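Coordinate-derived values only; no laboratory data. If you're wondering where the values come from, they're calculated on a predicted model, not measured in any experiment. A quick note on method: Cβ atoms are made from the backbone with ideal geometry, for glycine too, and the neighbour counts reach across all protein chains shown.
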Amino acid sequence: GNSVTQMEGPVTLSEEAFLTINCTYTATGYPSLFWYVQYPGEGLQLLLKATKADDKGSNKGFEATYRKETTSFHLEKGSVQVSDSAVYFCALTGNQFYFGTGTSLTVIP
Amino acid sequence: EAGVAQSPRYKIIEKRQSVAFWCNPISGHATLYWYQQILGQGPKLLIQFQNNGVVDDSQLPKDRFSAERLKGVDSTLKIQPAKLEDSAVYLCASSPWDSLTYEQYFGPGTRLTVT
């Protein structure tokens, strides 16, 4: 069946550090891949998406590339800010949305 | 554009009681989803509506959970009777099309605590 595996957190980084959150998936067919972000007290928001292999999604300085050969969609940002502190969810579509367990990120000044 | 509205934001009940959650999707969105998010886990789809018809309810515990979407607009999710393991955040989301490549817009959620 379809599933998403995210790196476990929590992750704590200093401001301006490089961020990588790993996400790998198992799926039949050709799913679309997503990263959602959940800020404290708020609902999930779409951060970026990629709909086919080798596509790169990007938004607010975050990037992720759809790698079919490694079944991965790792999230990266070159320089994190305190305002990036949130929980990040990797997700894919099959016959429905499948979410990972989430990775909590805390950025300290 | 107004976002997805949910109420209440928080609810505390005792086991075996009943509870209902309400969701008002973004205007014009045909597809509505209810998710259950247990602490430390990702959201799990409970039910998906397309207009006022059910598309997928395969993971809805139908012996205690029910949901309806009258007139294809707002929706209610009910739990009767509640169990301790139902403690979670219940998320509502909507999207403009029945296509999984389109973005889902999430409400703030209702945090349910069952004691």
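For the peptides A:26-34, A:6-14, A:91-99, residues were scored by their other Cβ atoms within 10 Å and the scores averaged per peptide; the highest-first order is A:91-99, A:26-34, A:6-14. At an R0 of 45 angstrom, the distance between the Cβ atoms of A:K56 and B:S18 translates into a FRET efficiency of 0.40.
The rule of thumb for compact globular proteins, 2.2 N^0.38 Å, goes into the C-alpha radius of gyration of chain B 1.00 times.
With coordinates expressed along the principal axes, the C-alpha atoms belonging to the protein assembly as shown extend over 48, 37, 35 Å, beginning with the largest. Only Lys, Arg, Asp and Glu carry charge here, each on its Cβ (+1 for the first two, -1 for the last two); on that basis segment B:62-115 has a dipole of about 200 debye about its Cα centre.
Would you mind classifying segment A:57-99 by shape? Square roots of the alpha carbon gyration tensor eigenvalues, ordered a ≥ b ≥ c; an a/c under 1.5 is rounded, otherwise it is prolate if a/b is larger than b/c and oblate if not. It comes out oblate by the Cα gyration axes. Quick one: grab the alpha carbon gyration tensor of chain A, order the square roots of its eigenvalues as a ≥ b ≥ c, and give me rounded if a/c is under 1.5, else prolate or oblate depending on whether a/b is larger than b/c. Prolate, since a/c reaches 1.5 and a/b exceeds b/c. For B:Q80 and A:Q81, the FRET efficiency from 1/(1 + (r/R0)^6), where r spans their Cβ atoms and R0 equals 30 Å, is about 0.10.
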